[in-house]
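Just below is one structure, and these are the notes that go with it.
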Amino acid sequence: MQTEVAHDLHLSGNGSAMGGIYRMVHLEGLSTIDGDLVCEQCAAHGVVRVHGNLRAETSAFHGKADVFGDVVAGSADIHGSMNISGVCDVQKTLRMHGSSRLQNGVHAEVIHIHGRTHVGAECVAREIEVRGIAQLAKDVRAERIDCNGVLRLGGLCEAEEFFCRGQLHSSGLINAEKIHIRLHGKSGVQEIGCTDLRIERGHGFFARRHKLVVDMIEGDHIYVENVVAKRIRGNRITVGHGVYVERVEYREEFKRQHGARVGEIVQV
Amino acid sequence: MEQELISKKELLDLMGISYGQLYRWKRKDLIPEEWFIRKSTFTGQETFFPREKILSRIEQIKQLKDDLSLDELARRFSPDPADIALSGEDMVNRSIVSEQAWRVYRLEHPNTKVCSFRDVVFASVVHRALASGNVGLDEARNALRTLEQSITMFSDFRMRIACVRKLGVSVWVVQGTDGQLVIDPDAKLVFDADVSECIEDVKLRLM
């Protein structure tokens, strides 16, 4: 079978096909694929259902797509709504515009989330860019996470650089070398551990209302604004405007700016 | 098994490291996730570590971090260093096994000259069993057989091995680390070892 040249697959209108090995796959309209689909290039427009795994060098989905299996691709562009029940493994860039649900985890070199995305399991990438809403229900590992919008983290988050402008919710630890957060909205984090931390309030009329509630912050250099914290521990700590901390433990330096309330200050 | 714990604050003071370093090492998997033990104290949630393990690990990291990159260090600490090959003398010299234990190993595998990581770990378990003083030579040999047969079940070495003896008849039991073992009240638990602890020990001696 392998010696044969793989054929192309074109489906238009209301079509269905069995899976198999193809060169180019073009799906238009309402298409259903039964079985595993392996191809070099996959382009889908309209409503697509794949009952099986999908493997493609490059893949592009426009419209609504459901894959009831794993997706392994060199690169993937998703415009519209996408639902992947299995693991999503992309070698290079995974772009998602619109709303997507990746239920069983995602691995990629670069992940762009524009719109709304839910990832139900572990998320591993070199770079994660969010413009919109990202819900990452389990652990996240990346070198760089850059979020403009809303980021909801359900597990551990590890990164070298972590930037967030907008809202941030996390029920686990955020562990990064460098963290920079600009608050635009109420946020809540359980724990932050880092080397450099900078949390600033956003601009605008209601900016002073946008607080970040956190249980514990631990880091070397810490600057916070508009943070409500139980504990802040570190070497050099500066608390700015709108901060309320129950207890600060510092080693080298502690600065309190005007408008910060601190319960207990201890040098260790 | 109760082990002595050390709080995070105490650890940082004792070793002279910063929060940033600790979190960086955790990110690079130099410190396993399981060592972060969360407990609630009167000041709220605190993190504790198994005292001896974390102190020796951080001591090693501090010594080696100038010569090796963090990724290289992580590879050293990672559970399965694939390219390890040790001869019997090497193992005896590094006191991974005693000569007696090595002889038992040779009885079971007469043609073995060089041991892979897996074999080294098993030989060290045999050594531990013999060193405990409660296990005889034949029994230790049986332990080796049990381990080699059970490794297909526990491919990641997360297992415990125990020796139970009743009326002079001994039986080896291999179980997952999280499982509980309840034995006949008349029988005696002669020996009990955590294989992943043996691995930690072997790795320390390999460095």
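If the condition is being surrounded by fewer than 23 Cβ atoms within 10 Å (Cβ to Cβ), assigned to a strand (DSSP E or B) and away from every other protein chain (no Cβ under 11 Å), then the stretch A:148-163 contributes A:Asn148, A:Gly149, A:Val150, A:Arg152, A:Glu161, A:Phe163. If the condition is being of a type in the set (Lys, Arg) and either within 12 Å of chain A (Cβ to nearest Cβ) or over 26 Å from the mean Cα position of the chain (by Cα) (or both), then the stretch B:27-48 contributes B:Arg27, B:Lys28, B:Arg38.
Out of A:Gly98, A:Gly69, one residue alone is in contact (Cβ under 8 Å) with a residue 24 or more places away in the chain and either more than 16 Å from the chain's Cα centre (by Cα) or surrounded by 18 or more Cβ atoms within 10 Å (Cβ to Cβ) (or both). It is A:Gly69.
With respect to B:Gln100, is the statement that it is in contact with an Asp or Glu (Cβ under 9 Å, 6 or more places away or on another chain) and either open to solvent by less than 40 Å² (accessible area, probe 1.4 Å) or in a helix (DSSP H, G or I) (or both) true?
Values: in contact with an Asp or Glu (Cβ under 9 Å, 6 or more places away or on another chain): no; either open to solvent by less than 40 Å² (accessible area, probe 1.4 Å) or in a helix (DSSP H, G or I) (or both): yes.
No; evaluated as a whole, the condition is false for this residue.
Evaluated against (1) within 19 Å of B:Thr177 (Cα to Cα); (2) touching a Pro at 6+ places or on another chain (Cβ under 7 Å); (3) of a type outside the set (D, E, K, R), B:Phe117 falls short on exactly one condition, (1). Within the set A:Gly166, A:Gly193, A:Gly242, the sole residue that is buried (at least 19 other Cβ atoms within 10 Å of the Cβ), more than 9 Å from every other protein chain (Cβ to nearest Cβ) and touching a helix residue (DSSP H, G or I) at 6+ places or on another chain (Cβ under 8 Å) turns out to be A:Gly242.
Can you find even one residue in the stretch A:85-101 that is outside any strand (DSSP E or B), aliphatic (A, V, I, L, M) and either at pLDDT below 90 or under 19 Å from A:Ala137 (Cα atoms) (or both)?
yes
Pick from B:Arg75, B:Arg24, B:Arg51: which is away from every other protein chain (no Cβ under 14 Å) and in contact with a strand residue (DSSP E or B) (Cβ under 7 Å, 6 or more places away or on another chain)?
Working: B:Arg75 fails: in contact with a strand residue (DSSP E or B) (Cβ under 7 Å, 6 or more places away or on another chain); B:Arg24 fails: away from every other protein chain (no Cβ under 14 Å).
Just a single option satisfies the conditions, and that option is B:Arg51.
Applying the criterion of being over 20 Å from B:Gly179 (Cα atoms) and open to solvent by 90 Å² or more (accessible area, probe 1.4 Å) to the residues of the stretch B:138-158, the residue that is nearest to the chain's Cα centre (by Cα) is B:Arg145.
The values are calculated or read from the model by the stated rules, or taken from the named source; none is laboratory data. All values reported here derive from a predicted model rather than from experimental measurement. So basically every Cβ, Gly included, is an ideal-geometry build from the backbone, and we count neighbours across all protein chains shown. What goes into the accessible areas is simple: the full protein's heavy atoms, side chains included, and nothing from ligands, DNA or RNA. Shrake-Rupley method; radii C 1.70, N 1.55, O 1.52, S 1.80 Å.
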